[in-house]
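Read the structure below first, then the notes.
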Amino acid sequence: MTNIWEEIKDQIRGLIPEKSFSLWINPLSLLEQREDALVLGCPNKFSLNWITENYIPLFQENLDRMGEKNCKLALKVVSPSSAPPPVLVQDPRQLTLPNMPTNGNGGPRALNQDFTFDRFVVGRCNEFAYAASKALAIEGQFPCSSLFIVAKTGLGKSHLSQATAHALLESNPRIKVIYITAEDFVNEMIFALKNHRIDEFKTKYRRSCDVLLLEEIQFLSGKEKTQLELGYTLDALANDHKRIIFTSSLLPKDIPNLTKELASRLTSGIITTLDTPDYETRVKIIERKSSEHGLVLPHEIFHLLAKDLTGDIRQMESALRCLKAKADLMKATIDPDLAKEVLLCHMPTQKLLTMDDVKAMVCQYFKVDPAAPGLQIQKENPCLPPKCLRLPLPATHGQNRGGNRPVSESKPLDNPLCLRSHRTQNESGQTGQEPDRVSQQ
């Protein structure tokens, strides 16, 4: 029975997914080996129950195949006191979650090397957020220690938060930066609780962290225990004057089931928003992204793309990638026609209004049956039914701005559903024609 447990593990490895093997089988340890029994140690009771329900038959089957039919398996929870002392207390690094890659900065997610201040396009929609993030990265220029960035997906909140971290690391490579999403924070806390390592978790985030980047705060909605632990962590960091950056798609007051205590801590610093890029900013973004992708485009294409790509920055990057791929793979010249063809895949289909659509809308507004006899298109100057054509103005509006000349008692109703536009006077003094209207004779 020499090394029988290692032989069983080798056989099981090829029978179950690698993730399941790493999560459930690898943590088991051989406690005792006898002629009639094999005692395995489990890290906790939850693991013991799961192994018993799902893997004991598989273990026994492999024992029988190896000629050890009289050998029975037994599981036992290994007490934390008997386990070797945790390394993370002396060397506070990321708690290793099963099958989750780590980075050198202490978080399960690595910083994106492209997300720097130099590559961020500044416009009216994001200039305050950019200035605040840059000030946070410079010692002594930020009025408080936390920044909360609010934006919809794809507008650059992750770019700014990671650019701040890059700037801080560039000025001081020895500082400890932890970049993590709220979802990973929750998972890491659960893992620490289940494995009796919550003290290491607290040490990592409260005493071994200089800068905390916490993304997607809205994920904490409804998770009261995690919110409580995060609140204590934020208090510890704030007391030590550590820097914190939060990102979210919602303001704290709009996140459902967020405790008042945590909402208060999240809003204790500067709150800034990123809006949808305006036309000028979209042009600059497309020019910058085109240069990064090695695309040389005429200004006509820049403005064509900026006019129609009104969504987020990922939409613009996708359109440029498609444009470059079509030009390279199809050996095509990048011209307005090719750009319009690419735009068809990135823009929502817009249905053009027909006269029947207008007729149905007007009939619905005025509660007129579209199938009623006598309903037809007429060319007349009024655009409303006679009884609605002129309405008396309230007495309070009986004076003009100067207060000297009375205003007419009635005037045409300016209704948004009218088909009549205001008469326009051209330079020669002629009046434009009125469009058709819908009426019921």
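The table below lists the values:
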{"quantity": "When residues of the stretch 49-76 are limited to those that are among the β-branched types (Val, Ile, Thr) and surrounded by 14 or more Cβ atoms within 10 Å (Cβ to Cβ), the one nearest to the chain's Cα centre (by Cα)", "calculated": "51"}
{"quantity": "Any hit, the stretch 294-309, residues being in the same structural domain as residue 283 (by TED's automatic domain parsing), of a type in the set (Lys, Arg) and surrounded by 13 or more Cβ atoms within 10 Å (Cβ to Cβ)", "calculated": "no"}
{"quantity": "Output for the stretch 202-212, where each listed residue is part of a loop (DSSP other than H, G, I, E, B) and surrounded by fewer than 23 Cβ atoms within 10 Å (Cβ to Cβ)", "calculated": "208, 210"}
{"quantity": "All positions within the stretch 124-163 that are of a type in the set (Gly, Ala, Ser), touching a residue at least 24 places away in the same chain (Cβ under 8 Å) and in a helix (DSSP H, G or I)", "calculated": "129, 132, 133, 158, 161, 163"}
{"quantity": "Residue in the stretch 243-250 that is crowded, with 19+ Cβ neighbours inside 10 Å, more than 30 Å from residue 322 (Cβ to Cβ) and over 17 Å from the mean Cα position of the chain (by Cα) present", "calculated": "yes"}
{"quantity": "Residue count for the stretch 323-349, restricted to those that are crowded, with 16+ Cβ neighbours inside 10 Å and not charged (D, E, K, R)", "calculated": "7"}
{"quantity": "Unmet criterion (only one of (1) of a type in the set (Lys, Arg); (2) under 17 Å from residue 165 (Cα atoms); (3) at pLDDT 90 or above) for residue 109", "calculated": "(3)"}
{"quantity": "Residue check for residue 371: outside the structural domain of residue 293 (by TED's automatic domain parsing), assigned to a loop (DSSP other than H, G, I, E, B), more than 30 Å from residue 302 (Cα to Cα) and modelled with pLDDT of 70 or more", "calculated": "yes"}
{"quantity": "Any hit, the stretch 206-217, residues being under 21 Å from residue 117 (Cβ atoms), more than 19 Å from the chain's Cα centre (by Cα) and of a type in the set (A, V, I, L, M)", "calculated": "yes"}
{"quantity": "Number of positions in the stretch 137-153 that are aliphatic (A, V, I, L, M) and modelled with pLDDT under 90", "calculated": "2"}
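Yes/no per residue for (1) out of contact with any Phe, Trp or Tyr (no Cβ under 9 Å at 6 or more places or on another chain); (2) over 23 Å from residue 46 (Cβ atoms); (3) of a type in the set (Lys, Arg):
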| position | (1), (2), (3) |
| --- | --- |
| 148 | no, yes, no |
| 157 | yes, yes, yes |
| 174 | yes, yes, yes |
| 178 | no, yes, no |
| 181 | no, yes, no |
| 197 | no, no, yes |
| 202 | no, no, yes |
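Yes or no, residue by residue, for (1) among the hydrophobic types (A, V, I, L, M, F, W, C); (2) surrounded by 18 or more Cβ atoms within 10 Å (Cβ to Cβ); (3) modelled with pLDDT of 90 or more; (4) assigned by TED's automatic domain parsing to the domain that holds residue 130:
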| residue | (1), (2), (3), (4) |
| --- | --- |
| 183 | no, no, yes, yes |
| 189 | yes, yes, yes, yes |
| 196 | no, no, no, yes |
| 232 | no, no, yes, yes |
| 236 | yes, no, yes, yes |
| 241 | no, no, no, yes |
| 258 | yes, yes, yes, yes |
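The values are calculated or read from the model by the stated rules, or taken from the named source; none is laboratory data. These figures come from a predicted structure and were not determined experimentally. Don't worry about glycine lacking a Cβ; one is built from the backbone with ideal geometry, like all the others, and counts go over all protein chains shown.
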